[in-house]
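**Q** Structure in structure tokens, see below.
The values are calculated or read from the model by the stated rules, or taken from the named source; none is laboratory data. Computed from a predicted model, the values in this text were never measured in an experiment. Cβ coordinates were reconstructed from backbone atoms using ideal geometry, including for glycine residues, and neighbour counts include every protein chain displayed. Protein only, heavy atoms only, side chains kept; ligands, DNA and RNA dropped before computing areas. Shrake-Rupley method; radii C 1.70, N 1.55, O 1.52, S 1.80 Å.
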Amino acid sequence: MFEYAPAPESRDVVDLKSSYGLFIDGEFVDGSGPSFKTVNPATEETLAEVATASAEDVDRAVRAARKAFDGWSALPGAERAKYLFRIARLIQERARELAVLESLDNGKPIRESRDVDVPLVAAHFFYYAGWADKLEYAGFGTKPLGVAGQVIPWNFPLLMLAWKIAPALACGNTVVLKPAETTPLTALLFAEICRQADLPPGVVNIVTGAGETGAAVVAHPDIDKVAFTGSTEVGRLIARAVAGTGKKLTLELGGKAANIVFDDAALDQAVEGIVNGIFFNQGHVCCAGSRLLVQESVAEELLAALKRRLGTLRLGDPLDKNTDIGAINSAEQLAKIRRLSDLGEAEGAERWSPACELPEQGYWFPPTLFTGVAQSHSIAREEIFGPVLSVLTFRTPAEAVEKANNTPYGLSAGVWTEKGSRILWMADKLRAGVVWANTFNKFDPTSPFGGYKESGYGREGGLAGLEAYLDV
Amino acid sequence: MSRLSVKKTYKLYIGGAFPRSESGRSYPVTSAKGEFVANAARASRKDARDAVVAARKAFPGWSGATPYNRGQILYRIAEMLEGRRAQFAEELGGGKRAALEQVDATIDRLVWYAGWSDKIASVRGAANPVAGPYFNLSTPEPTGVVAVVAPADPLLGLVSVVAPVIVTGNTCVVVASEPAPLAAITLAEVLATSDLPGGVVNILTGRQAELAPWLAAHMDVNGLDLTGVADAELALSCEQAAAENLKRVARPVQEDWTADPGIGRMTRFLETKTVWHPMGV
């Protein structure tokens, strides 16, 4: 194993303020709720104080969005497009700043925020910019819904913002967006980008806060559309809250994806795909390949190779360019991962982690895998949302399908085999919104993403992603 | 003392370079009032062939670039054009306001087509539900090298016929407006500084009646857009010549370049490829 000298990305590119307000009607304003701290999960250092939006603040934001709606929706699509192209370009220009800030606030490795999150964010705005004047070709009509209330999670703070805001604006809606309480900073930097783009005031409003603020956004009577990405548990609450209203709803929720490896797969590639599937972003990925289903005849060989590979993963400073695994986003999430992992052991599965030194400060969890997992075990059923892989085996393709689909979730799945017809047969049988074959965790603005069953409904990305923001 | 200006030599644009015509010929371009403005290169049959070679050479790279990349480059062309608004307006002549409107419409046209790069396949492609255990997918692909006879409208008309051809991955050889070719060469300067690979767009100035027939008959050209051909006999002979290797032909049309362009100019030079693959364990 090689020794790596530290290669930290400089923080200088980020200009952190000591406190941040809400972004309403094109201005940064104080929130009337108590402010809260957002911390660097790798060091527990406080990064900034952030305002909490009360129900009154949310109401102000919704009114600003409503006021802006008439003008924004009446703009020719080509003009709306040009605003979104501007935003895409500004994101490209400020890419490194956004990446460093994302890693600071979220704990994800700079390699990922720099090479995955931020480029995808720019691409998403670029893609939906192009739709703004082409809606009539998409087949959903051209009528926007009105004001969209959008609540997003902490795992991909800026990317989830892009998935929500870009299509909403392209279709002519205005938005009130609530970022997660542990990761509000890139959304507030995005607000600054909206100002640099001269986006009309009120088209994008950002209200920070915790669950109560999100609930106020969802419950506001003048919201026409709710879009939520987060846990299935909260998704259910939201579906219940909007029942009987005229609000349109899309939900992108949890997952417990099966990553299925057949005996004819290219095992070295499969090992890389398994690692990417569950350890990308510390496993804080709703579509993570958290259940490895491996064909019995190659299980031993694959596990040996997988363990060898896990031994080379580098955990530590998220801003270090060599880091593979960063910090767990919050103490709360770390506690959940620990609880479920302990439960895995208590229920009889065998736990394994490579030798891995954890930093003393901050929230950390080593890459972990469980063998001897039964379908009834909690770690095979519940979404852990951390760097924890449960390994199960199968003998036949039919058994693989049966086990893969044996979950209330249906967001994604992976298939590893050199046989094309089997890939397509599996894809046909798997009840999941995205199926990756001989790859995993691939995202593109042109490609729809979203789940079956209790992983939510509606799609984000691609032509299909427009439907959520048009009065169909 | 008044300063004597340095005037630009208008040349051809082939393979990303600006050569003079190999024939050494030029022709005078005059203003609406009949005053001399500049000499334009009068391209020859050999120049046209060189341009086709350059377009063919650029095709694998350009058609193989990601649609996202092609979209970014078309948008970059729009950005570069925006920075030269005043120059183009002056070159177009006529009323300053009308000229600026033309330039603005041209920039917006580029932005319109830039957005299509990664959407046309979603609108024109399909998963086909064949009656059997097969995966069956149709996607649009570029036709290849397209020869474009540009309309008289020197900038908006030109961009309105070139952008839809290249955004999908085709490369092209363009015969610029014969009476008003200068904006086309200035546009080439924009293209050359917009990350557009050399050879994707090649621009010839000269006599339409001299150049179009060679391109129409060229066996390494796959598509022919006759939009700018006003002479019905020339159009007929070009279409007949194009039949030899079954070029896809767009016949001459009178078009209002300020109208919504639609997607017909893209789909005309697209092929549909359908892939079958069995499904089964």
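**Q** May I ask you to list the lysines whose Cα is less than 18 Å away from that of A:LYS403, ignoring any residue fewer than eight positions away on the same chain?
**A** A:LYS256, A:LYS429, A:LYS453
**Q** Taking a probe of 1.4 Å and counting only protein heavy atoms, give the total accessible area buried between chains A and B in Å², rounded to the nearest 100.
**A** The summed interface area works out to 2300 Å².
**Q** So which residues of region A:104-151 lose at least 10 Å² of accessible area, probe 1.4 Å, when you go from the chain by itself to every protein chain present?
**A** So the qualifying set is A:ALA123, A:PHE126, A:TYR127, A:GLY130, A:TRP131, A:ASP133, A:LYS134, A:GLU136, A:TYR137.
**Q** What lysines sit close enough to A:LYS247 to cross-link, taking a C-alpha to C-alpha distance under 18 Å and skipping anything fewer than 8 places away on the same chain?
**A** A:LYS143, A:LYS164, A:LYS178, A:LYS225
**Q** What is the distance in Å between the Cα centres of region A:120-152 and region A:295-333?
**A** Each part's Cα centre sits 36 Å from the other's.
**Q** As a check on your grasp of the helix formula, calculate [θ] at 222 nm for the protein assembly as shown: sum -39500 (n - 2.57) over DSSP H runs of n ≥ 4, divide by the residue count, round to the nearest 500.
**A** Helix contribution divided over all residues of the protein assembly as shown: -12000 deg cm²/dmol.
**Q** While we're on this one: Evaluate the relative contact order of region A:66-200 (contact order divided by residue number), counting alpha-carbon pairs under 8 angstrom at least 6 apart; express in whole percent.
**A** 34 percent
**Q** A follow-up question, please. Rounded to whole Hz and in sequence order, give me ³J(HN,Hα) for region B:104-117 from the Karplus expression 6.51 cos²θ - 1.76 cosθ + 1.60, θ = phi - 60°, writing x for Gly and Pro.
**A** 4, 5, 5, 4, 5, 5, 5, 5, 4, 6, 3, x, 7, 3
**Q** Given a 1.4 Å probe and heavy atoms of the protein chains only, how would you sort B:MET80, B:MET1, largest accessible area at the top?
**A** Ranked list, largest accessible area first: B:MET1, B:MET80.
**Q** May I pose another question? With the cut-off at 28 Å, report for region A:258-437 the share of all Cα pairs above it, as a whole percent.
**A** Of all Cα-Cα pairs in region A:258-437, 19 percent lie more than 28 Å apart.
**Q** Label points 7 Å out from Cα along the Cβ direction at A:TYR4 and B:LEU137: separation in nm?
**A** 3.3 nm
**Q** Something else now. Specify whether the C-alpha gyration tensor of region A:305-394 places it in the rounded, prolate or oblate class, a ≥ b ≥ c being the square roots of the eigenvalues: rounded for a/c under 1.5, otherwise prolate if a/b is larger than b/c and oblate if not.
**A** oblate
**Q** Here's another thing I want to ask about it. Any lysines with Cα under 19 Å of the B:LYS247 Cα? List them, leaving off those in the same chain fewer than 8 positions away.
**A** Partners within reach: B:LYS57, B:LYS273.
**Q** Principal axis lengths of region A:274-313 from Cα atoms, whole Å, largest first?
**A** 30, 22, 8
**Q** For region A:157-290, compute the orientation-averaged projected area of the C-alpha convex hull (one quarter of its surface), in nm².
**A** Mean orientational projected area (region A:157-290, Cα hull): 10.4 nm².
**Q** For the pair B:ALA126 and B:LYS57, how long in nm is the line joining their label points, each one 7 Å along Cα→Cβ?
**A** 4.1 nm
**Q** Please build a GNM for chain B, connecting alpha carbons under 10 Å apart, and tell me which residue among B:PHE59, B:PHE18, B:PHE269 fluctuates the most.
**A** Per the Cα network of chain B with a 10 Å cutoff, B:PHE18 tops the list.
**Q** Between region B:119-163 and region B:41-77, what's the alpha-carbon centroid distance in Å?
**A** Measuring centre to centre over Cα atoms gives 16 Å.
**Q** Then there is this: Identify the residues of region A:309-329 with backbone N under 15 Å of a label point that sits 7 angstrom from the Cα of A:ALA346 along the Cα-to-Cβ direction, or state none.
**A** none
**Q** If you take the beta carbon distance between B:VAL37 and A:GLU27 as r and set R0 to 56 Å, what does 1/(1 + (r/R0)^6) give as a FRET efficiency, to the nearest 0.05?
**A** Efficiency, rounded to the nearest 0.05: 0.60.
**Q** A follow-up question, please. Can you figure out the FRET efficiency of B:VAL281 with A:ALA331, using R₀ = 51 Å and their beta-carbon distance, to the nearest 0.05?
**A** Using R0 = 51 Å, I get an efficiency of 0.65.
**Q** Is chain B best put as rounded, prolate or oblate by its Cα gyration tensor, with a ≥ b ≥ c the root eigenvalues, rounded for a/c under 1.5, and otherwise prolate when a/b is larger than b/c, oblate when not?
**A** Since a/c reaches 1.5 and a/b is larger than b/c, the shape of chain B is classed as prolate.
**Q** Pop out the Kirkwood hydrodynamic radius of chain A from its pairwise C-alpha distances, inverse of mean 1/r, in Å to one decimal.
**A** 22.5 Å
**Q** A further question on this structure: On a 1.4 Å probe surface of the protein chains, which of A:GLU102, B:GLU141 comes out largest in accessible area, and what is the full order?
**A** Reading off the accessible areas and sorting them downward yields B:GLU141, A:GLU102.
**Q** OK, next. May I ask you to evaluate 6.51 cos²θ - 1.76 cosθ + 1.60, the Karplus curve with θ = phi - 60°, for each residue of region A:69-77 and list the ³J(HN,Hα) values in order in whole Hz, giving x for glycine and proline?
**A** Karplus-based 3J(HN,Hα) across region A:69-77 equals 4, 4, x, 5, 6, 7, 4, x, x Hz.
**Q** Treat each spin label as a single point 7 Å out from the Cα along the C-beta direction, and report the A:ARG96 to A:THR312 distance in nm.
**A** The two pseudo-label positions are separated by 2.9 nm.
**Q** Which sequence of A:PHE156, B:PHE36 reflects their accessible areas, 1.4 Å probe, from the largest down?
**A** In descending accessible area the options line up as B:PHE36, A:PHE156.
**Q** Now, a different point. Going by Cα centres, region A:20-90 and region B:179-207 are how many Å apart?
**A** 44 Å
**Q** Next question. If the elastic network links every pair of Cα atoms under 10 Å, which of B:GLY15, B:GLY115, B:GLY93 fluctuates the most in the Gaussian network model of chain B?
**A** B:GLY93
**Q** While we're here: Amide H to amide H, which residues 5 or more places from B:ARG25 or on other chains are under 5 Å from it, using H placed in the peptide plane?
**A** Correct list: B:ARG42.
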